[in-house]
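Q: Shown below is the structure under consideration.
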Amino acid sequence: MKGLLFERNLPRFAASRLASAIGGSGRGAAVGPLRLTDVTPPDLPGPGWHRVQPLLAGICGSDLSTIDGRSSRYFEDVVSFPFVPGHEVVGILEDGIPGTGVPGTGVPGDANPVGGTPVGGTPVGGTAVGGTPVGGVGTRVVIEPVLGCVARGIQPLCAACAAGRTGGCERVAFGHLSPGLQIGFCSDTGGGWSAGGLVAHEAQLHRVPDAMSDEDAVMVEPTACAVHAAVDAEVEAGDTVAVLGAGTLGLCTVAALRRLAAPDTLLVGARYAHQRRLAEELGADVVVEPGQLARAVRRRSRSLSVSGTLTGGADVVVDCVGSDESLAQALTMVRPRGRVVLVGMPGRVSVDLASLWHREVAVTGAYAYGVEDVGGTLRRTFDIAMDVVAAAGLGRLVSAHYPLEHFEEALAHAGAAGRRGAVKVVFDLRAGARHGARGPATTGPTATKGRVP
């Protein structure tokens, strides 16, 4: 069974970093530590774990940073090698969950016909949330990849997991699993970029509604990140909100902000024409090129400009890029005592923070998911993301499908997605998975464009 394996190999790290610096993001795959090889399906780590055969697995910006050799050294002790990447996954259960009443188990009645409810009773504030069976053999699921205390068999739960905020788990390097923030960065679980499948704990599984396409479903994980950011932005009615970046994360954030918050004006900086069109379709009020965003915010807020910084500005700026330039730009256009939310994964940056200090700006990170308080009600972030994906039709952002064998082309495409008119690039493993054969996908030799019906 073929899969993509990422190994610790410093010379190849260096070669990948150089190749991506010269040829662009994703171009380091040919010389880096990632290789297509025969992989052994991972063992089940213990009770409550199940096998999942991926159907589609997305390529995320954090995957590209890793393959390009650009990810922060901060992550070195919270990943384990070798690992199979791929944490944006829609797949099918290979082993039914006993007593769930779905085909394959012989138990009548399906207790969870709607989907989106995790099994395992992940505690929220000491009260079990979920606990509803996901399903049996062949049930489509999406993976909530964070490997928190429940998945790691750790008791008592850390404070974050006890509150349902699994993204903030304090134990991602401990327990009965090797270190790993998420499935896709842990040597014990496998990942979505493999025909050999992966293993996930019941607490990480969410059933996909029958009416939802595979393309919509593979967008649930990145949308959950966007939902968490939109809630964390603490937007108040009448606020002006600016979003920097209109790749996958930026567009999902626009969709989430429009549906979960009530900004008076939502402005977006988008580099490419197709991104600007999609941002408008998903709910942005004003869409301009990134270099024009500060001017648009200035007009909206009726601010002056001093030393390149607006005297007023947006109430909230959401940075979906995570670079020196984007953070610096965010600080120039946020109002005094405003809020900057970092959604795009940053690394080591060099930014002048004088305006942050002088204007008392709050900068906060937004990573992963767990539970969100929306209108006074606690809900799993993935449940909200399911709703946002369905309402906004975010499966349309899936622009290209590749078989694993063409991983170098796929990663190069993902690294240049904006320039090439794409948004989300995915690996397609459906041919083997739905015929019960764990072989490599046999879909076309090149990317297939557009949404698959």
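Q: Anything in the range 233-246 that is crowded, with 24+ Cβ neighbours inside 10 Å and either among the small types (G, A, S) or closer than 14 Å to P290 by Cβ (or both)? List them, or say none.
A: Correct list: A233, A242, V243, L244, G245, A246.
Q: From the list R207, R271, R300, which residue is within 30 Å of V146 (Cα to Cα) and in contact (Cβ under 8 Å) with a residue 24 or more places away in the chain?
A: Testing whether each residue is within 30 Å of V146 (Cα to Cα) and in contact (Cβ under 8 Å) with a residue 24 or more places away in the chain leaves just R207.
Q: Return a yes/no flag: does the range 1-8 have any residue that is within 26 Å of S399 (Cβ to Cβ), at pLDDT below 95 and either in contact with a Lys or Arg (Cβ under 8 Å, 6 or more places away or on another chain) or not hydroxyl-bearing (S, T, Y) (or both).
A: no
Q: Residue by residue through the range 151-162, note down the ones that are touching a Leu at 6+ places or on another chain (Cβ under 9 Å) and open to solvent by less than 40 Å² (accessible area, probe 1.4 Å).
A: Listed by number, the residues that qualify are A151, R152.
Q: Out of L404, L397, L429, which single residue is in contact with a Cys (Cβ under 8 Å, 6 or more places away or on another chain) and at pLDDT 95 or above?
A: Only one candidate qualifies: L397.
Q: Which is under 19 Å from the mean Cα position of the chain (by Cα), modelled with pLDDT of 95 or more, over 23 Å from Y367 (Cβ atoms) and not aliphatic (A, V, I, L, M), of R140, R51?
A: So the residue among R140, R51 that is under 19 Å from the mean Cα position of the chain (by Cα), modelled with pLDDT of 95 or more, over 23 Å from Y367 (Cβ atoms) and not aliphatic (A, V, I, L, M) is R140.
Q: Take the conditions open to solvent by 10 Å² or more (accessible area, probe 1.4 Å), farther than 30 Å from T309 by Cα and in a strand (DSSP E or B) and apply them to R379. Does it pass?
A: Yes: the conditions hold for R379.
Q: Now for a different question. Within the set of pairs 6+ apart or on separate chains, which have a first residue in the range 386-397 that is under 18 Å from V425 (Cβ atoms), a second that is acidic (D, E) and surrounded by 24 or more Cβ atoms within 10 Å (Cβ to Cβ), and C-beta atoms under 8 Å apart?
A: From residues that are under 18 Å from V425 (Cβ atoms), the pairs are V389/D216; L394/D216; G395/E215; G395/D216; R396/E215.
Q: Sticking with this one: For the range 176-199, does any single residue satisfy the condition of being among the charged types (D, E, K, R), in contact with an Asp or Glu (Cβ under 7 Å, 6 or more places away or on another chain), more than 22 Å from V426 (Cβ to Cβ) and surrounded by fewer than 24 Cβ atoms within 10 Å (Cβ to Cβ)?
A: Looking for residues that are among the charged types (D, E, K, R), in contact with an Asp or Glu (Cβ under 7 Å, 6 or more places away or on another chain), more than 22 Å from V426 (Cβ to Cβ) and surrounded by fewer than 24 Cβ atoms within 10 Å (Cβ to Cβ), one finds none in the range 176-199, hence no.
Q: So, one more: Of all residues in the range 145-170, which are in a loop (DSSP other than H, G, I, E, B) and either within 21 Å of D43 (Cβ to Cβ) or without any contact (Cβ under 8 Å) to a residue 12 or more places away in the chain (or both)?
A: Residues satisfying the conditions are P145, L147, G148, G153, I154, Q155, P156.
Q: Is it true that some residue in the range 33-43 is crowded, with 24+ Cβ neighbours inside 10 Å, part of a loop (DSSP other than H, G, I, E, B) and not small (G, A, S)?
A: no
Q: Next question. How about the range 239-249: which of its residues are in a helix (DSSP H, G or I) and β-branched (V, I, T)?
A: T248 - this is the single residue of the range 239-249 that is in a helix (DSSP H, G or I) and β-branched (V, I, T).
Q: Can you run down the residue pairs with Cβ atoms below 8 Å, 6 or more apart or on separate chains, where the first is in the range 1-25 and within 19 Å of G184 (Cα to Cα) and the partner is open to solvent by 60 Å² or more (accessible area, probe 1.4 Å) and part of a helix (DSSP H, G or I)?
A: K2/E405
Q: Starting from residues that are within 17 Å of the chain's Cα centre (by Cα) and part of a loop (DSSP other than H, G, I, E, B), keep the ones in the range 191-207 and report whichever is nearest to V78 (Cα to Cα).
A: G191
Q: Return the residues of the range 204-232 that are open to solvent by 10 Å² or more (accessible area, probe 1.4 Å) and of a type in the set (A, V, I, L, M, F, W, C); say none if nothing qualifies.
A: Selection gives A211, M212, C225, V231.
The values are calculated or read from the model by the stated rules, or taken from the named source; none is laboratory data. Since the model is a prediction, treat every value here as computed from it, not as a measurement. Note: ideal-geometry Cβ built from the backbone for every residue, glycine included; neighbour counts use all protein chains shown. To get the accessible areas, we keep the full protein, side chains included, count just its heavy atoms, and leave off ligands, DNA and RNA. Shrake-Rupley method; radii C 1.70, N 1.55, O 1.52, S 1.80 Å.
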